[in-house]
C-alpha cells in the first residue's frame, strides 16, 4: 500500500457563517488533508503538534481513519493552535477573528522512521521552513512532493518559500496567489512562470470556479460542482489537496493523465466538505457516496461534439 | 438551410483597454452575434437600425457573411448608436464613458416576411419591448427563442422583461444578473427559479470562468479557454450567444445534448473574439481555426477516471 506523509496543522476552529456558528471544533489543514486522503487505500501519517488540551476523541477519530499519529507531538501544558473566522454572506470572503499559534510557534517537525520513504509527501500550508525541514528529512526522494501555501508566506517569508518551491513537484495555490507570486495577471503566463521556479505541475484553485492543472503546454480544467447550498467553506482547499494526494498515493502513478484524475477526485471530495460545519461531513463520508458523485462530475463536462 | 433571425444593436464602439484605444469602430450586439453565427451554415438576418453615418464598408462586410440586411433600417439624417468604454487593468470591469442612443431611441423593429418563419430567433440585449415585438411578429413559433439581457433592464423595465422571459426558451445572463433576478445566491437555485419564469434552458455566463447550462435537473459546464492574453473583452458575450444560436440553427436540433455542444461552440468563438479589438478577429476567423481550437476544449476537460 502506498505511503502518504502529511504535514499540516491539527487545530481548533471556531467558525461563523450566515447559517450558524460553532464552538471550538476539530480543524486544521493536516486534519482535513488526512480525512480526505483516508477515502483511498493508503497508509498515511500526520506530522504535527497539539497541546494537551486536544481531546482524546479527536485523536481516536483520526486513528480510526488509519492515520498514523506517532509523529503528532503532544506538548505537555501546551495549548493547541486555534483559528476563528467569520464568513460574509457570499461565503467567498471571510474575516479572521483570532489566530493563536500556541504550540505551533516552536514546532520542530520530526519525520517518523517508517515514513521517511513515503511515496507522496503533502506539505500543507505552514511556515516554509517547516515544510523545507520535512523535505530534507526524507531518506528516499518521494515520487511526488506536493506543496500548498498562501499569500501570508509570500508577504512575510518569500525567500524561504522560494527555497521550498524549488524542491517540490506540484504546487497548489489560488488564482490571486499565483498572480501575486509572478506579477502576471494571465493564469497561463503565471503558471508558466511558476514552472520555471521548480514545480513541474501547477494547480491553481479557483474556489467555486474550479481548478486548473498546468504541465508544460498542457492545461486541464476541473470544475467545482455547482451546489444548491454551501454551508461552510472551511477546509475545502485542504480537502481538495488531501483527495488529490490520497488518490496519487493509492495509484502511485504520477503521469499528467493521472494527475487529471487526482484533481477530479480532490474537487469531488471538496464538494462534500462544504456541506456541513468543519470536518463533520468528511468524518462520515462513505466511499460509495463519493463514487456516486464522480458520475455527476463526468456528466457536468462531457460532450460529444463531432470534431472535423 | 436553417434560418436565424437576429435582433440586436448595430453600432459604433470606441474602446480603451490597457493595450491601446480605438476610434469609432464597428460594434453592437447584433453585429457580434451575426459574425459569430456566420461561422455556421445558416441563413441569417439582422433586424436593427443605423443612421446614414454608418459606412457602406461595414454594410458590405456583414453582407459578405451571408447576413440579410433588408431589415436593417437606415434612418436618413440619423446618427448610429454609439457606445464608448474603458476597461480596467484586470479587463473584468469597465467604465462606460458614453452611451448615445441616437436612432435607437425610436426604433420599431419590423420582422421581414422571409424570416417570419425562422427556425431560431436570437434576441440580443435591447429594451424588452423591442424583443417582445419581434416575438409577436413571428408567423410560425420558432423551434427556439433565445434571449440575452442585462441588469439595466432588470433595474428599469422589470415587468416588461418578465413578459418576454415568459415567452422564450433559453435565457443567457451572467451570474450576478441571475442572482439579481431571483434573489438567490446559489446559481443552482437561481437557475431553478428562472426556469419557473418560463425558459426551459438557463445559460449562466461567468466570463473567464466559463458558462453553465441548466435544464430541469441537468447541469452542464463549459469552461472558458485559459488564454495567455485577453486583448479586448468587448463583444465576447454576444459572440458566445451568436455561436450558440448559429450552431443550433445549422443543426436544427434543440435537445439538451445538442445545447451542450452549442455552448462549447459559443465559448470557442468567444475565445477568438477577445484576441483583437472589437470585431477584428471575428471578421477574419477561418472555420478551420475554430475547429482546431475545439480540440483544445475537448482536451481541457476530458478525463478517463474509472468509475465503479
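The values are calculated or read from the model by the stated rules, or taken from the named source; none is laboratory data. Keep in mind it's a predicted model, so treat the numbers as computed, not measured. Positions of Cβ are generated from backbone atoms using ideal geometry, with glycine treated the same way; all protein chains shown enter the neighbour counts.
Only one of these conditions is not met by residue B:114: (1) touching a strand residue (DSSP E or B) at 6+ places or on another chain (Cβ under 7 Å); (2) touching a residue at least 40 places away in the same chain (Cβ under 8 Å). Which number is it?
Of the numbered conditions (1) touching a strand residue (DSSP E or B) at 6+ places or on another chain (Cβ under 7 Å); (2) touching a residue at least 40 places away in the same chain (Cβ under 8 Å), the odd one out for residue B:114 is (1).
Exactly one of these conditions fails for residue A:245: (1) assigned to a helix (DSSP H, G or I); (2) in contact with a strand residue (DSSP E or B) (Cβ under 9 Å, 6 or more places away or on another chain); (3) under 23 Å from residue B:224 (Cβ atoms). Give me its number.
(3)
So residue B:192 passes all but one of these: (1) touching a residue at least 24 places away in the same chain (Cβ under 8 Å); (2) more than 19 Å from the chain's Cα centre (by Cα). Which condition number does it fail?
Among (1) touching a residue at least 24 places away in the same chain (Cβ under 8 Å); (2) more than 19 Å from the chain's Cα centre (by Cα), the lone unmet condition for residue B:192 is (1).
So if I check each of B:192, B:118, which one is at pLDDT 95 or above and crowded, with 22+ Cβ neighbours inside 10 Å?
Working: B:192 fails: crowded, with 22+ Cβ neighbours inside 10 Å.
Going through B:192, B:118 in turn, just one is at pLDDT 95 or above and crowded, with 22+ Cβ neighbours inside 10 Å: B:118.
Grab the helices (runs of 4 or more DSSP H) fully contained in segment B:131-190, keeping just those with 2 or more residues being out of contact with any helix residue (DSSP H, G or I) (no Cβ under 8 Å at 6 or more places or on another chain). Please lay out each step first, then the result.
Details: elements: B:151-156, B:158-167, B:175-182.
Qualifying helices (runs of 4 or more DSSP H): B:151-156, B:158-167.
Among what's in segment B:281-296 and is in contact (Cβ under 8 Å) with a residue 24 or more places away in the chain and more than 7 Å from chain A (Cβ to nearest Cβ), pick the residue that is nearest to residue B:86 (Cα to Cα).
So the first thing to find is which residues in segment B:281-296 are in contact (Cβ under 8 Å) with a residue 24 or more places away in the chain, and the list is B:282-283, B:285, B:287, B:290, B:293-294, B:296.
Restricting the remaining residues to those that are more than 7 Å from chain A (Cβ to nearest Cβ) gives B:282-283, B:285, B:287, B:290, B:293, B:296.
Values: B:282: 21, B:283: 23, B:285: 25, B:287: 31, B:290: 28, B:293: 29, B:296: 31 Å.
Applying the filter and picking the extreme gives B:282.
Might you check whether a residue that is closer than 15 Å to residue B:285 by Cβ and either at pLDDT below 95 or surrounded by fewer than 24 Cβ atoms within 10 Å (Cβ to Cβ) (or both) occurs anywhere in segment B:30-39?
Going residue by residue through segment B:30-39, those that are closer than 15 Å to residue B:285 by Cβ are B:31-39.
Applying the additional criterion that residues be either at pLDDT below 95 or surrounded by fewer than 24 Cβ atoms within 10 Å (Cβ to Cβ) (or both) yields B:38.
The answer is yes, given that some residue of segment B:30-39 is closer than 15 Å to residue B:285 by Cβ and either at pLDDT below 95 or surrounded by fewer than 24 Cβ atoms within 10 Å (Cβ to Cβ) (or both).
Based on this model, can you work out whether residue B:243 counts as modelled with pLDDT of 95 or more and within 14 Å of chain A (Cβ to nearest Cβ)? Don't jump to the end; show me each part of the working.
On the way: modelled with pLDDT of 95 or more: yes; within 14 Å of chain A (Cβ to nearest Cβ): yes.
When the stated conditions are applied, residue B:243 passes them.
Could you tell me whether residue B:259 is surrounded by 21 or more Cβ atoms within 10 Å (Cβ to Cβ), in a helix (DSSP H, G or I), out of contact with any helix residue (DSSP H, G or I) (no Cβ under 6 Å at 6 or more places or on another chain) and more than 9 Å from every other protein chain (Cβ to nearest Cβ)? Walk me through it before giving the result.
Working: surrounded by 21 or more Cβ atoms within 10 Å (Cβ to Cβ): yes; in a helix (DSSP H, G or I): yes; out of contact with any helix residue (DSSP H, G or I) (no Cβ under 6 Å at 6 or more places or on another chain): yes; more than 9 Å from every other protein chain (Cβ to nearest Cβ): yes.
When the stated conditions are applied, residue B:259 passes them.
Looking only at residues in segment A:196-233 that are in a helix (DSSP H, G or I) and either touching a helix residue (DSSP H, G or I) at 6+ places or on another chain (Cβ under 6 Å) or closer than 28 Å to residue B:232 by Cβ (or both), which one is nearest to the other protein chains (Cβ to nearest Cβ)? Can you show your working first?
So the first thing to find is which residues in segment A:196-233 are in a helix (DSSP H, G or I), and the list is A:196-197, A:207-209.
With either touching a helix residue (DSSP H, G or I) at 6+ places or on another chain (Cβ under 6 Å) or closer than 28 Å to residue B:232 by Cβ (or both) added as a condition, the list becomes A:197, A:207-209.
Details: A:197: 18, A:207: 10, A:208: 9, A:209: 4 Å.
Across segment A:196-233, the extreme among qualifying residues is A:209.
Identify, from the list B:180, B:163, the residue that is at pLDDT 95 or above and within 14 Å of chain A (Cβ to nearest Cβ).
Details: B:163 fails: within 14 Å of chain A (Cβ to nearest Cβ).
Result: B:180 is the single residue among B:180, B:163 that is at pLDDT 95 or above and within 14 Å of chain A (Cβ to nearest Cβ).
All but one of (1) outside any strand (DSSP E or B); (2) touching a strand residue (DSSP E or B) at 6+ places or on another chain (Cβ under 7 Å); (3) within 20 Å of residue B:39 (Cα to Cα); (4) more than 14 Å from chain A (Cβ to nearest Cβ) hold for residue B:238, so report the exception by its number.
(2)
Among the listed residues A:169, A:155, which satisfies the condition of being surrounded by 17 or more Cβ atoms within 10 Å (Cβ to Cβ), modelled with pLDDT of 95 or more and away from every other protein chain (no Cβ under 14 Å)? Walk me through how you get there before you give the answer.
Details: A:155 fails: surrounded by 17 or more Cβ atoms within 10 Å (Cβ to Cβ).
Answer to the selection: A:169.
Within segment B:87-100, can one find any residue that is in contact with a helix residue (DSSP H, G or I) (Cβ under 7 Å, 6 or more places away or on another chain) and not in a helix (DSSP H, G or I)?
First, the residues of segment B:87-100 that are in contact with a helix residue (DSSP H, G or I) (Cβ under 7 Å, 6 or more places away or on another chain): B:92.
Next, from what is left, pick out any that are not in a helix (DSSP H, G or I): B:92.
Scanning segment B:87-100 turns up at least one residue that is in contact with a helix residue (DSSP H, G or I) (Cβ under 7 Å, 6 or more places away or on another chain) and not in a helix (DSSP H, G or I).
For (1) touching a residue at least 12 places away in the same chain (Cβ under 8 Å); (2) facing another protein chain (nearest Cβ under 10 Å), each residue gets a yes or a no:
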site	(1), (2)
B:254	yes, no
B:263	yes, yes
B:269	yes, no
B:278	yes, no
B:298	no, yes
B:302	no, yes
B:305	no, yes
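Condition test on residue A:46, is it crowded, with 24+ Cβ neighbours inside 10 Å and within 23 Å of residue A:229 (Cα to Cα)?
Details: crowded, with 24+ Cβ neighbours inside 10 Å: yes; within 23 Å of residue A:229 (Cα to Cα): no.
Considered against the rule, which asks whether it is crowded, with 24+ Cβ neighbours inside 10 Å and within 23 Å of residue A:229 (Cα to Cα), residue A:46 comes out as no.
Among A:204, A:171, which is under 20 Å from the mean Cα position of the chain (by Cα) and more than 22 Å from residue B:206 (Cα to Cα)? Quick ask: steps written out before the conclusion?
Numbers: A:204 fails: more than 22 Å from residue B:206 (Cα to Cα).
Unique residue meeting the criteria: A:171.
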